[in-house]
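Notes to accompany the following structure.
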Amino acid sequence: MRSLVRVGVSAGVLGAILWPLQRPVLEDGFPLSTYPMFVQDRSTVKLYRAVGLDDQAAEHILPPRLIVGDDQEPMLAAITVEREMRRGQARRAELCAQIARAAREDPDFSELLAIELRIELHDPIAYFEGAPGEGLLEGRTQTHCKLRPAETSRE
């Protein structure tokens, strides 16, 4: 009888170990995981960004407070930019105008002339390990809105 219990327990453990193999690779769940985050291609990452531009066309990373009103919520800001950009041109223009209003009122961003909403494709290793701006493979501006006209110098 004991050997029958041992065989039954061994078969159960073996079944539990092999069970994930019959599931689709990207399906994940409790109690056993197929670890789908390790089978997906991560050689490029798509980022939805809001960027400020000054009179020298230098780019300024905009903090979450200009997007969602709170610097403690970077993920909410990132999700807001992505969601609104996917909803079409009218929503992109509305978000751009909202960020521009917030930037105009923030003394840290008084030098900005425009806001751009962009979709960028990055090499994640170069993005995190390289100098600022490294890792950008491709970028497309989806929306551009001005904060104020560029000042002309008088001589």
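The values are calculated or read from the model by the stated rules, or taken from the named source; none is laboratory data. For clarity, every value in this text was computed on a predicted model and none was experimentally measured. Counting neighbours? That spans all protein chains shown, and the Cβs are built from the backbone with ideal geometry, glycine included.
Look at the stretch 132-154: where a residue is at positive phi and a partner is part of a loop (DSSP other than H, G, I, E, B) and modelled with pLDDT of 70 or more, sitting 6+ places away or on another chain with Cβ atoms under 8 Å, you get GLY135/ASP123.
Screening LEU53, LEU62, LEU47, LEU113 for residues that are of a type in the set (A, V, I, L, M, F, W, C) and more than 15 Å from LEU147 (Cβ to Cβ) leaves exactly one candidate, LEU47. Would you say ARG87 is of a type in the set (Lys, Arg) and in contact with a strand residue (DSSP E or B) (Cβ under 7 Å, 6 or more places away or on another chain)? Here the answer is no, as ARG87 does not meet what is asked. With respect to LEU117, determine if the residue is within 17 Å of the chain's Cα centre (by Cα), crowded, with 17+ Cβ neighbours inside 10 Å, modelled with pLDDT of 85 or more and outside any helix (DSSP H, G or I). Taking the combined requirement at face value, the residue satisfies it.
Taking the stretch 29-75 as the search range and keeping residues that are touching a helix residue (DSSP H, G or I) at 6+ places or on another chain (Cβ under 9 Å), at pLDDT below 85 and among the small types (Gly, Ala, Ser), which one is farthest from THR143 (Cα to Cα)? Restricting to residues being touching a helix residue (DSSP H, G or I) at 6+ places or on another chain (Cβ under 9 Å), at pLDDT below 85 and among the small types (Gly, Ala, Ser), the top hit is SER33.
Counting only helices (runs of 4 or more DSSP H) that sit completely within the stretch 1-100, those holding 2 or more residues that are surrounded by 15 or more Cβ atoms within 10 Å (Cβ to Cβ) correspond to 64-68, 74-86.
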